[in-house]
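What follows draws every value from the coordinates through simple rules; no lab data is involved. Remember, it's a predicted structure, so these values are computed and weren't measured experimentally. With ideal geometry, Cβ positions are generated from the backbone for all residues, glycine too; neighbour counts draw on all protein chains shown.
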Amino acid sequence: MLPMTTVTVVIQNSPYKENNKAWHALRFAGAALAEDMAVRVHLLDDGVEVGRHSHKVPEGAVNLEELLSELIECGLEVRACGMALNDCSIDESAMLPGIERGSMKALANWVKNSEHVMVF
């Protein structure tokens, strides 16, 4: 049996932008989990907003808060950049359960120990 492939996904965009990068990143994370990959998501810059509670979901859009919560329950590891949380004035208590405060050092370690890195 082959060892599990590890992929790190970096999300830099806030949710519900016209380009849907945050949604596509979470879709990819879910697909990778379904393919038995170890998946880790690092929320960076405006991407920390993806992990915040109580988004206003635009009409017709997928609820990213629910999707992210489901993925965490399925084994997705998620960290939010501590500096980005500070810059966006987001308290850790405003984040979804299961999201840890991260750092560039922690992200570098994830990247070092991943076979693949995807940036959205």
Counting only residues that are more than 18 Å from Thr8 (Cβ to Cβ) and out of contact with any Pro (no Cβ under 8 Å at 6 or more places or on another chain), which one in the range 42-55 is surrounded by the fewest Cβ atoms within 10 Å (Cβ to Cβ)? Ser54
Only residues that are surrounded by fewer than 16 Cβ atoms within 10 Å (Cβ to Cβ), part of a helix (DSSP H, G or I) and either free of Cβ contacts under 8 Å to residues at least 40 places away in the same chain or small (Gly, Ala, Ser) (or both): list them for the range 6-26, please. none
Condition test on Arg52, is it touching a helix residue (DSSP H, G or I) at 6+ places or on another chain (Cβ under 7 Å), of a type in the set (Lys, Arg) and within 17 Å of Ser114 (Cβ to Cβ)? no
Go through the residues of the range 36-52 one by one and say whether even a single one is of a type in the set (A, V, I, L, M) and free of Cβ contacts under 8 Å to residues at least 12 places away in the same chain. no
Hits in the range 32-47 - residues which are assigned to a loop (DSSP other than H, G, I, E, B), of a type outside the set (A, V, I, L, M, F, W, C) and under 22 Å from Asn19 (Cα atoms): none
Taking Glu65 as the residue in question, decide whether it is in contact with a His (Cβ under 7 Å, 6 or more places away or on another chain) and farther than 16 Å from Arg40 by Cβ. yes
